[in-house]
Amino acid sequence: MIFRQLFEPLSSTCTYLLGCEETGQAVLIDPVIVSMDRDLAALSHLGLRLAYSVETHIHADHITAALELKKQVGSKIAVPAFDRLPCTDFGIEEGKSLQVGSITLQPLHTPGHTDGHFAY
């Protein structure tokens, strides 16, 4: 598995890039709109294709890049089902894993930061 932690200083947000070496599919967890070009460059540099943007929760500190990434590269959007967002392709729920290539994300509902917050 390929793993990169990417940092966006304006909102002090960490974005995580996970890539499957076998299939070339990738996931971005909590992508930030102002860092979208950086994230796409990282994916390209690693020879990966973005399959999903995954959100841990609804963010007040930054604007997600998920919808723009979907428009630009055709990736899907995975967000907590709790939030019932219309752009959702995969509703995240505890006990319902998300498989991308050889990567399996196991969502763990961790309310506190927000009611619908998840860790993976």
query = Taking θ as phi - 60°, what are the ³J(HN,Hα) couplings along the range 103-114 by the Karplus curve (6.51, -1.76, 1.60), each to the nearest whole Hz, with x for Gly and Pro?
reply = 8, 10, 8, 9, x, 10, 5, 10, x, x, 4, 9
Antiparallel bridge percentage (DSSP; both residues within the chain; nearest 5) = 60 percent
request  = Work out from phi, with θ = phi - 60° and the Karplus expression 6.51 cos²θ - 1.76 cosθ + 1.60, the ³J(HN,Hα) of each residue of the range 76-88, listed in order in whole Hz, and give x for Gly and Pro.
outcome  = 9, 10, 10, 9, x, 4, 3, 7, 6, 7, x, 7, 6
task = Round to the nearest 0.05 the FRET efficiency obtained for T114 and K71 when R0 = 35 Å and r is the Cβ-Cβ distance.
result = 0.85
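Over the residues of the range 46-85, compute the C-alpha Rg and express it relative to 2.2 N^0.38 Å.
Cα Rg divided by the expected 2.2 N^0.38 Å: 1.22.
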Counting DSSP beta bridges with both ends in the range 2-71, the antiparallel % (nearest 5) = 70 percent
query = Hey, what did the chain get for relative contact order, percent, Cα under 8 Å, at least 6 apart?
reply = 20 percent
In nm, spacing of pseudo-spin labels at F7 and R38 (7 Å Cα→C-beta vector) = 1.0 nm
request  = Any chance you could tell me what percent of the C-alpha pair distances in the chain go past 22 Å?
outcome  = 27 percent
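Only the coordinates and a few stated rules stand behind these numbers; no lab work does. Predicted model, so just to flag it, every value in this text is computed and none were measured. Positions of Cβ are backbone-derived with ideal geometry, glycine not excepted, and every protein chain shown enters the neighbour counts.
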